[in-house]
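This report refers to the structure that appears directly beneath it.
The values are calculated or read from the model by the stated rules, or taken from the named source; none is laboratory data. These figures come from a predicted structure and were not determined experimentally. No Cβ is skipped: glycine too gets one built from the backbone with ideal geometry, and neighbour counts run over all protein chains shown. Note: areas computed on protein heavy atoms with side chains; ligands, DNA, RNA excluded. Shrake-Rupley method; radii C 1.70, N 1.55, O 1.52, S 1.80 Å.
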Amino acid sequence: MKKINLKPDLKLIQHQWGRGLGLATVIGISLSALNLGAGAMAQRVVAPWGEGGYNWIGDYNGDGKADVASALPDGRIVVRRSTGRGFSITAQPVSTPWGSRQYSWARDFNNDGRTDLATAREGNLYLHLSTRTGFETVSIATENRWGEPGYNWVGDFNGDGFLDIASALPNGDVVMRLFDGAAIQLETWRVSTPWGGSEYNWAEDFDGDGVTDLVAARDSNLYFHRSTKTEFETETIVSPGWGESGYNWAGDFNGDGLMDLASAFRGGAMKLRLFNGSGFDEENWSVSTGWGGAAYSWADDFNGDGLTDLASAQEGNIYLHLSNGEQFDSSTVSTPNSWGQGRFNGTGDFNGDRKADIGAAPPDSSDAIMRLSSGTTFEITNWPTSGYLRPR
């Protein structure tokens, strides 16, 4: 093979394009023409996005910066790895199918510091475990007993450090797929209370014991299913007043290390349920601006102080609500009215400064519009996402 000539300020990184399918070249945003020799040619192409629900934010190489993985209908996974100032892009084929978007998850299942992908389809679970430069796929046969969309949750329910999947069935059974890093053990746990609507259930470690719990809200009741690592112990708490679907968020809003719940209402009122270790203390907070759509409202730490904040986008405005532990400080940030619509909008620390940013992929562009948080406002920058090479 002839020597590959690049511009001197660029770095070439090589990556296997699947087994037996040749060599794919990972490139940065600017790349000069390559001569791969022996008559082989490579084509620079636009890196496509997945359909709505098939673009996932995570840290796929473990460098502390948020990346984006996209599953394509033709079987490829495109990964946009953040450099802190843009994306470097790779593509890799996978031979297994994808489940529907409600049955696909991006989390660190094997606890190696890198985000993995998992997707369920009928009686199979396909795990795509990140290797920093690609994915290794593991197919696991399992029972075809899944909850309805919105009733399957990922978390460490038995406290072994690996992520599991809990699926709630209408009869009160919760099918537990307990992952040990290599295989899944099936168990059935039980709950005796009803579930809330699909947007009114949360899987978080509410009590800070290192084990994921489940909380469900229905009508005037909150059902707290505390995991004991072998079963759920349920407590019913009377707690009326919930926001509309999509306007209830889990996070640590007062900075005590325990997970809370925040509910937004029309007119600016908010109800905070602050978990105290044994129950929830209810407080009334408020915001001074309106809300964007539910798909354009996020709970994350936008100023890096360790407290969960809220942000909501409406056309050319971002309404930023920074928690001070006792109330929200609200401000309005002007921004271009260019959003990902149903394709991709999401939050993550894309530049590694420990503050959550907002990324969007507008439908009329292959590039990403990044809103990089300074703590009180957002810097608007365009990150091109074209440029991986494929053999031809």
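With among the aromatic types (F, W, Y) and either over 23 Å from D256 (Cα atoms) or at pLDDT below 95 (or both) as the only criterion, which of F224, F206, F232 stands out? Outline the logic, then answer.
On the way: F224 fails: either over 23 Å from D256 (Cα atoms) or at pLDDT below 95 (or both); F206 fails: either over 23 Å from D256 (Cα atoms) or at pLDDT below 95 (or both).
When all the criteria are applied, what remains is F232.
If you check L261, L274, L186, which single one turns out to be within 22 Å of D300 (Cβ to Cβ) and touching an Asp or Glu at 6+ places or on another chain (Cβ under 8 Å)?
Working: L261 fails: touching an Asp or Glu at 6+ places or on another chain (Cβ under 8 Å); L186 fails: within 22 Å of D300 (Cβ to Cβ).
After ruling out the rest, the residue left standing is L274.
Given the criteria in contact with a His (Cβ under 9 Å, 6 or more places away or on another chain) and either open to solvent by 40 Å² or more (accessible area, probe 1.4 Å) or small (G, A, S) (or both), does E122 qualify?
no
When only residues in the range 172-206 that are part of a strand (DSSP E or B) and of a type in the set (S, T, N, Q) count, which is farthest from the chain's Cα centre (by Cα)? Walk me through how you get there before you give the answer.
Filtering the range 172-206 for residues part of a strand (DSSP E or B) gives 173-179, 184-190, 201-204.
Right, trim to of a type in the set (S, T, N, Q) and you get 185, 188, 201.
Numbers: Q185: 25, T188: 27, N201: 17 Å.
Taking the candidates together, the pick is T188.
Considering only the range 232-262, state which residues are under 26 Å from V175 (Cα atoms), of a type outside the set (S, T, N, Q), assigned to a strand (DSSP E or B) and under 27 Å from the mean Cα position of the chain (by Cα).
Matches in the range 232-262: F232, W249, A250, G251, D260, L261.
Can you work out which of the residues in the range 135-154 that are at negative phi and among the small types (G, A, S) is least open to solvent (accessible area, probe 1.4 Å)? I'd like the intermediate steps shown before the answer.
Start the filter on the range 135-154 by keeping residues that are at negative phi, which leaves 135-149, 151-154.
From what's left, among the small types (G, A, S): 139, 141, 147.
On the way: S139: 74, A141: 87, G147: 2 Å².
For the range 135-154, the residue satisfying everything is G147.
Of the residues S263, S286, which single one is in contact with a Gly (Cβ under 9 Å, 6 or more places away or on another chain) and closer than 17 Å to A217 by Cα?
Values: S286 fails: closer than 17 Å to A217 by Cα.
Only one candidate passes the filter, namely S263.
Consider the range 159-192. How many of its residues are on the phi > 0 side of the Ramachandran plot and either buried (at least 16 other Cβ atoms within 10 Å of the Cβ) or in contact (Cβ under 8 Å) with a residue 24 or more places away in the chain (or both)? It would help to see each step written out before you state the result.
Within the range 159-192, the first condition is being on the phi > 0 side of the Ramachandran plot, and the residues that meet it are 159, 161, 172, 181.
Remaining after also requiring either buried (at least 16 other Cβ atoms within 10 Å of the Cβ) or in contact (Cβ under 8 Å) with a residue 24 or more places away in the chain (or both): 159, 161, 181.
Residues meeting the conditions: 3.
Answer with yes or no whether S374 is surrounded by fewer than 19 Cβ atoms within 10 Å (Cβ to Cβ) and of a type outside the set (A, V, I, L, M). Give the derivation first.
Working: surrounded by fewer than 19 Cβ atoms within 10 Å (Cβ to Cβ): yes; of a type outside the set (A, V, I, L, M): yes.
Taking the combined requirement at face value, the residue satisfies it.
Output the residues belonging to the range 282-307 that are of a type in the set (G, A, S) and more than 14 Å from S330 (Cβ to Cβ). First the steps, then the outcome.
Applying the first criterion (of a type in the set (G, A, S)) to the range 282-307 yields 286, 288, 290, 292-295, 297, 299, 304, 306.
G293, A294, A295, A299, G304, G306, listed by residue number.
Filter the range 236-259 down to residues that are open to solvent by 60 Å² or more (accessible area, probe 1.4 Å) and in contact (Cβ under 8 Å) with a residue 40 or more places away in the chain, then give me how many there are.
So the answer is 3.
Please verify whether F206 is under 25 Å from N276 (Cα atoms) and open to solvent by less than 20 Å² (accessible area, probe 1.4 Å), treating the condition exactly as stated.
Details: under 25 Å from N276 (Cα atoms): yes; open to solvent by less than 20 Å² (accessible area, probe 1.4 Å): yes.
It is true that F206 is under 25 Å from N276 (Cα atoms) and open to solvent by less than 20 Å² (accessible area, probe 1.4 Å).
Would you pick out the residues in the range 67-85 that are open to solvent by less than 10 Å² (accessible area, probe 1.4 Å) and in contact with a Ser or Thr (Cβ under 9 Å, 6 or more places away or on another chain)?
Hits for the range 67-85 are D67, V68, A69, A71, I77, V78, V79, R80, S82.
Restricting attention to the range 109-119, and to residues there that are touching a Gly at 6+ places or on another chain (Cβ under 8 Å) and in a loop (DSSP other than H, G, I, E, B), which single residue is surrounded by the most Cβ atoms within 10 Å (Cβ to Cβ)?
T115
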